[in-house]
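Here the structure is laid out as structure tokens; the discussion comes afterwards.
The values are calculated or read from the model by the stated rules, or taken from the named source; none is laboratory data. Given the structure is predicted, the values throughout are model-derived calculations rather than measurements. Cβ coordinates were reconstructed from backbone atoms using ideal geometry, including for glycine residues, and neighbour counts include every protein chain displayed. Just the protein is used for accessible areas: all its heavy atoms, side chains included, with ligands, DNA and RNA removed. Shrake-Rupley method; radii C 1.70, N 1.55, O 1.52, S 1.80 Å.
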Amino acid sequence: MLIRNVAVLVVPEQGECRVDEAQDIHIQDDRITAITPTTTSSPTDEEVIDGTGLVAVPGLVNSHTHSPMVMMRGAAEDLSIEDWFNQRIWPMEVNLTPERVRVGARLACAEMLLAGVTTFVDHYFHADQIAAAAIESGIRADLAPTYFSSAGADGINAAVDTTRELSRLHPRITASLGPHATYTVTDDDLKRTADIARAEGFRIHLHAAETDDQTQASLDNHGVTPVQVLERTGVLDAGALIAHGCGIRPGDLPILERYADRTAVASCPKVYLKLAMGEVTPIKGLRSAGVPVGVGTDGAAVHNTLDVWEAIRMVALTQKQREHDAEWMTLSDTLRLATRGSAAAPGLTDQIGVVEPGRQADIALVDLSAPHNQPVHDPRAALVYSVRASDVVTVLVAGKVVVRDRQLTTMDLAEVLADAKSLAHTLVDLSKGGAIQHYAP
Ligand SMILES: [Zn+2]
């Protein structure tokens, strides 16, 4: 396959990103084999996609989400983090069934693919159903079956077994262990998780130090920060994806630095603003400690979209504000975070995240011709600050076209939407009472 005459976003490991005009991207099976300047000779490839006027960017990675929560979009608004969990989300999640999770995950996959998101790093219940939706839709996913210590040994064992099964399921599916958080999973269970992760080669995806209040509570109750908990239980040594980390203290950075080759942090700033969580992720400190940081949306029950473009923009804006420095988190820094940084979240640094030979052919073609992007003095600025999800025209995952001319090729969108609409009310119903967990970090 060939993508012909396309502009290509080039993201080096360091220094300035750039956009190379008039390139041909050659693809064989699931991989990019070469990128060459476009010539006038006619291509002999079996399939040719005309990239004229489009920019090829690495398929976006949603580095932390709970995809089926799209079913709760808009159902938990204007609440504190405590009430969001205790009055809405955990009572609603009493209603989870395999079918409802699968229907939500299909909607999520449709939303993400149409926006150029080619990989999502998920953390949720009934993860086998999410895998089924991901496989059907053609997207790539890393799935962590969620568990709390309150589920007991049987519940935890079942989640761990699901991780094992998912890891053998499909080339586009990887699996991680998914303890919920340092405040909902005991140190003993985290230790056991870390032992399994090391023995069987899994990564651990969990929430930790989400707010500074959580860090302070951990210090008050246990005398250690959440990051210290992750170190002493072996989670960092096994390899971890830490969701949020807004409460990471400067003293935690030397700890994280020791595990920087196998640890990443996912930042989802729209959520921090909306729940008034205080500080956003200390990306500057993490970067100087060598810890990769990716961009995510978290679940749509708080983020309202799974739009990674929106998340990328929020990262740039909130980081400038956090550091009181408009020269920090430049266009190149932001694009590097959103591509190479996010690829590190599921541990796929060598596979995805850049458009270059040898990588998986996960590519989004973006049209910058709409009024909100014009005129384009710097396409990198358009990609960070003005592009919309609906500007994505064509999407490839593992060399397969999954979105063509803004249409899904793998699923019937009308059916996906109708199924979600017919079941959505069953998920947000609070009449049963009870909750799957209580938020009291
Ligand atoms: Zn989360």
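Quickly run through segment 198-238 and pick out the residues that are within 27 Å of Lys270 (Cβ to Cβ) and either among the small types (Gly, Ala, Ser) or not assigned by TED's automatic domain parsing to the domain that holds Glu279 (or both).
Ala208, Ala209, Ala217, Ser218
So, Arg102, is that one within 16 Å of the ligand (Cβ to nearest atom), basic (Lys, Arg), in a helix (DSSP H, G or I) and open to solvent by 10 Å² or more (accessible area, probe 1.4 Å) or not?
Numbers: within 16 Å of the ligand (Cβ to nearest atom): no; basic (Lys, Arg): yes; in a helix (DSSP H, G or I): yes; open to solvent by 10 Å² or more (accessible area, probe 1.4 Å): yes.
Criteria not met by Arg102.
If you go through segment 67-91 one residue at a time, how many are within 14 Å of Thr426 (Cβ to Cβ) and more than 23 Å from the chain's Cα centre (by Cα)?
Adding up the residues that qualify gives 1.
With respect to Lys284, determine if the residue is within 16 Å of the ligand (Cβ to nearest atom), among the basic types (Lys, Arg) and within 30 Å of Ala316 (Cβ to Cβ).
Details: within 16 Å of the ligand (Cβ to nearest atom): no; among the basic types (Lys, Arg): yes; within 30 Å of Ala316 (Cβ to Cβ): yes.
Against the criterion (within 16 Å of the ligand (Cβ to nearest atom), among the basic types (Lys, Arg) and within 30 Å of Ala316 (Cβ to Cβ)), Lys284 does not qualify.
Could you tell me whether segment 27-37 includes any residue that is assigned by TED's automatic domain parsing to the domain that holds Asp128, more than 20 Å from the chain's Cα centre (by Cα) and not small (Gly, Ala, Ser)? Give the steps one after another, and end with the answer.
Of the residues in segment 27-37, the ones assigned by TED's automatic domain parsing to the domain that holds Asp128 are none.
The answer is no, given that none of the residues of segment 27-37 is assigned by TED's automatic domain parsing to the domain that holds Asp128, more than 20 Å from the chain's Cα centre (by Cα) and not small (Gly, Ala, Ser).
Based on this model, can you work out whether Val291 counts as in contact with a strand residue (DSSP E or B) (Cβ under 9 Å, 6 or more places away or on another chain) and either modelled with pLDDT of 95 or more or not assigned by TED's automatic domain parsing to the domain that holds Val366 (or both)?
Values: in contact with a strand residue (DSSP E or B) (Cβ under 9 Å, 6 or more places away or on another chain): yes; either modelled with pLDDT of 95 or more or not assigned by TED's automatic domain parsing to the domain that holds Val366 (or both): yes.
The answer is yes for Val291.
Those residues that are surrounded by 15 or more Cβ atoms within 10 Å (Cβ to Cβ) and within 16 Å of Ala398 (Cβ to Cβ), I need them from segment 1-32; list them, please.
Met1, Ile3, Ile25, His26, Ile27, Asp30, Arg31, Ile32
Would you confirm, using the coordinates I've provided, whether Thr394 is among the hydroxyl-bearing types (Ser, Thr, Tyr), within 22 Å of Thr119 (Cα to Cα) and surrounded by fewer than 20 Cβ atoms within 10 Å (Cβ to Cβ)?
Values: among the hydroxyl-bearing types (Ser, Thr, Tyr): yes; within 22 Å of Thr119 (Cα to Cα): yes; surrounded by fewer than 20 Cβ atoms within 10 Å (Cβ to Cβ): no.
So Thr394 fails the test.
Name the strands (runs of 3 or more DSSP E) wholly inside segment 332-441 in which the number of residues that are polar (S, T, N, Q) is 1 or more. So that I can check it myself, show each step before the final result.
Details: elements: 363-367, 392-397, 400-404.
The strands (runs of 3 or more DSSP E) meeting that bar are 392-397.
Identify all residues within segment 125-154 that are under 21 Å from Ala361 (Cβ atoms), crowded, with 22+ Cβ neighbours inside 10 Å and not small (Gly, Ala, Ser); write none if there are none.
Just the residues of segment 125-154 that are under 21 Å from Ala361 (Cβ atoms), to begin with: 134-142.
Checking the rest, the ones that are also crowded, with 22+ Cβ neighbours inside 10 Å come to 134, 137-142.
Ile139, Arg140, Asp142 - these are the residues of segment 125-154 that are under 21 Å from Ala361 (Cβ atoms), crowded, with 22+ Cβ neighbours inside 10 Å and not small (Gly, Ala, Ser).
Counting only residues that are of a type in the set (Asp, Glu) and exposed (fewer than 13 other Cβ atoms within 10 Å of the Cβ), which one in segment 33-74 is farthest from Val302 (Cα to Cα)? Reasoning before the result, please.
Residues of segment 33-74 that are of a type in the set (Asp, Glu), as a first pass: 45-47, 50.
Remaining after also requiring exposed (fewer than 13 other Cβ atoms within 10 Å of the Cβ): 46-47.
Details: Glu46: 44, Glu47: 41 Å.
Filtering first and then ranking leaves Glu46.
List, please: which pairs have Cβ atoms under 6 Å, are six or more places apart or on different chains, and start with a residue in segment 94-106 that is in contact (Cβ under 8 Å) with a residue 60 or more places away in the chain and end with one that is of a type in the set (Gly, Ala, Ser) and buried (at least 19 other Cβ atoms within 10 Å of the Cβ)?
The qualifying pairs are Val103/Ala420; Arg106/Ala133.
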